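A short write-up of the structure that comes next.
Read-outs throughout are calculated quantities, based only on the coordinates presented, and are distinct from any laboratory measurement. Quantities reported herein were computed from a predicted structural model and do not represent experimental measurements. Every residue, glycine as well, gets a Cβ built from its backbone with ideal geometry; the counts of neighbours run over all protein chains shown.
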């Protein structure tokens, strides 16, 4: 480990001009983070010839107090406290010499808690993913993980409802919830849209969902959608005796319009509303507070995240979005399926799901979790698995994703050859059968296909679903994979 | 008659499956006990989806660890209230949960007439919805005779 190169002579340190960030106090290898520090882990690809420690110091500097040149006004502040400190730089396995990739480094940077406004994701992110991502000294930069101190988490509301209370309100325990997104995602009139919702809910789903880009378009204005959908929800509830819901997407051009739509959803008796990630952190936090105050479950569709989370060398990892969204206060978030059509390595997805649901998550490099994280009693977020999944994968879905998850079979319900209700029946029967088998202690992952076939003998809609989608899998390589693989320890 | 799949109320974990046999119920109880959850038996003749508080058939069996004993309690409840809904729940008292982790119906009235949907027309095209179980038109205890 290299030594600190911080200039300790004030005259040298504050002489006008440009000095390396390392010498300014942003590289402190002996620094031990305080329990109250916020820690960020960046993957840095330095420009050619830039020393990795200097690059890490530059990231620390640019994401906290530094500018490109020395300023004497630092001396009017407790600047040593306010400087973020890069304290550890590790080479990323399988990069650099001997590989076809530029050398990358994991840089650990600690920030004093007073650098951030309490309860504001916007303020936190303005520093951590602000100017620094365009900084020339690094070729690419990716925010991989963050450790949030309990003291800081306690300034956030957290999920408006949480998994426990959501289940109690819905009176649904012991199995994943079932959903579907209305398809086609664009073009249906309000009246036709409500038809899809009614059929799916009556058939046995718990939720139906607006898609991320269903807001208020010429073919269906939002009030019309809300009115028809709530007719469908209530009619289905009366037909089954279950609490049912539809995520009414209230995403709109202004906050005022969003609040107006949320209020209307509430007045119609909806149990859940929905927002898109693209509305921004402050809008999300505003709606989370509204949802807490109005007994509403808040669903978040992660529209937009793959623009910055998918490529491994630049942007940010989705696990950080999971952390921020749990703090911001959403109740549901799409977090991957493992087996479906969208990006998702099983270990990475486990890391996301644990981050959303567990009371604390221990460091687990193979699952992409770089820090121990105590969640300070913030509610659990319900992950949502959506995109290219079907009843025939039920054993895998339960194995990988567990019980506290919404499984969304959009095409897998609406595309059923016997109709939407039968599609929903197939999914619900597959789900209940597999939960029963799991609880009975069977090796359901291995016996899954057999268990489903047996149920299909008395449930023809399930048979039709299995026949229709039997060969559908999406076996593409994931781009966002672990840098560390678990190694077997040799036992004597 | 209800017109949904199975022509019955689909609350609980296993309403889409054929009625569980005693052996199948026992396996579910074992699962609850393995997890350290307390099994509870409840019954009602008011199947409204938001009727949270079904009547308790005794206290939750915090200390009973024998699946056969619990099955006896369930069967006792079914015998006492043959024409009621009976559900088995499993309660998890660990921190962060403190809530039911399982809930499934093990007994139903012979006929399930379902629910009436009442629409209260309001301003504009807004509608106020109320769901009423046909059975609850009659007093408690006389609903499914």
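Between residue A:282 and residue A:310, what is the spin-label point distance in nm, taking each point 7 Å from the Cα along the Cα→C-beta axis?
Reported label-point gap for residue A:282 and residue A:310 is 3.0 nm.
Would you mind ranking A:301, A:221, A:332 so that the residue whose beta carbon has the fewest other beta carbons within 10 Å leads the list?
Listing A:301, A:221, A:332 from fewest to most nearby Cβ atoms yields A:221, A:301, A:332.
Take chain B, connect every pair of alpha-carbon atoms lying under 10 Å apart with a spring to form a Gaussian network, then pick out the residue of B:116, B:125, B:101 with the largest mean-square fluctuation.
Sorting by GNM fluctuation, first place goes to B:125.
Could you work out the helix-only [θ] at 222 nm for the protein assembly as shown, with each DSSP H run of four or more residues adding -39,500 (n - 2.57) and the total divided by the number of residues, to the nearest 500 deg cm²/dmol?
Calculated at 222 nm, the ellipticity per residue is -10000 deg cm²/dmol.
Treating the angle as unsigned and between 0 and 90°, give the value, to the nearest 10°, between the Cα long axis of helix A:190-203 and the longest Cα principal axis of chain A.
It works out to around 80 degrees.
Suppose R0 equals 56 Å. What FRET efficiency, 1/(1 + (r/R0)^6) with r the Cβ-Cβ distance, do residue A:450 and residue A:82 give to the nearest 0.05?
Using R0 = 56 Å, I get an efficiency of 0.35.
Under 10 Å, Cα contacts only: if you run a Gaussian network model on chain B, which one of B:53, B:115, B:129 comes out with the highest mean-square fluctuation?
B:129
Less than 20 Å from a label point 7 Å out along the Cα-to-Cβ axis of residue A:255: which backbone N atoms in region A:110-151 qualify, by residue?
Residues passing the 20 Å test: A:117-127.
Can you sort B:41, A:164 by how many other beta carbons sit within 10 Å, fewest first?
A:164, B:41
Please work out the FRET efficiency for the pair residue A:377 and residue A:139, using the Cβ-Cβ distance as r and a Förster radius of 41 Å; give the result to the nearest 0.05.
Result of the calculation: an efficiency of 0.50.
Note down the relative contact order for chain A as a percent, whole number, built from C-alpha pairs under 8 angstrom at least six residues apart.
15
Please work out the FRET efficiency for the pair residue A:36 and residue A:126, using the Cβ-Cβ distance as r and a Förster radius of 22 Å; give the result to the nearest 0.05.
So the FRET efficiency works out to roughly 0.65.
How many nm separate the modelled label positions at residue A:16 and residue A:102, each set 7 Å beyond the Cα in the direction of the Cβ?
Distance between the two pseudo-spin positions: 3.4 nm.
Only counting other Cβ atoms within 10 Å, I'd like B:85, B:31, A:14, B:134 sorted with the fewest neighbours first.
With the sparsest Cβ surroundings first, the list reads B:134, A:14, B:31, B:85.
Using all alpha carbons of chain B, what is the percent of pairwise distances in each 5 Å bin, ordered from the shortest bin to the longest?
2, 9, 17, 20, 18, 13, 9, 6, 3, 2, 1, 0
For a test of the definition: using alpha carbon positions, the gyration tensor, and the 1.5 limit on a/c, classify region A:162-468 as rounded, prolate or oblate.
The shape class here is oblate.
Determine the relative contact order of region A:25-153: mean sequence separation of Cα pairs under 8 Å and six or more apart, normalised by residue count, in whole percent.
Once divided by the residue count of region A:25-153, the mean separation gives 42 percent.
Quick check: the angle from helix A:444-458's long axis to the longest principal axis of chain A, C-alpha only, nearest 10 degrees?
Here the helix axis deviates by roughly 20 degrees.
Output the 0 to 90 degree angle, nearest 10, between the alpha-carbon long axis of helix B:67-80 and the longest principal axis computed from the alpha carbons of chain B.
For B:67-80 against chain B, the angle is about 40 degrees.
Percent antiparallel among DSSP beta bridges with both residues in the protein assembly as shown, to the nearest 5?
65
Return the distance in nm (one decimal) between the two label points of a simple spin-label model at residue A:155 and residue A:185, each offset 7 Å from Cα along Cα→Cβ.
Going from the residue A:155 label point to the residue A:185 one covers 3.6 nm.
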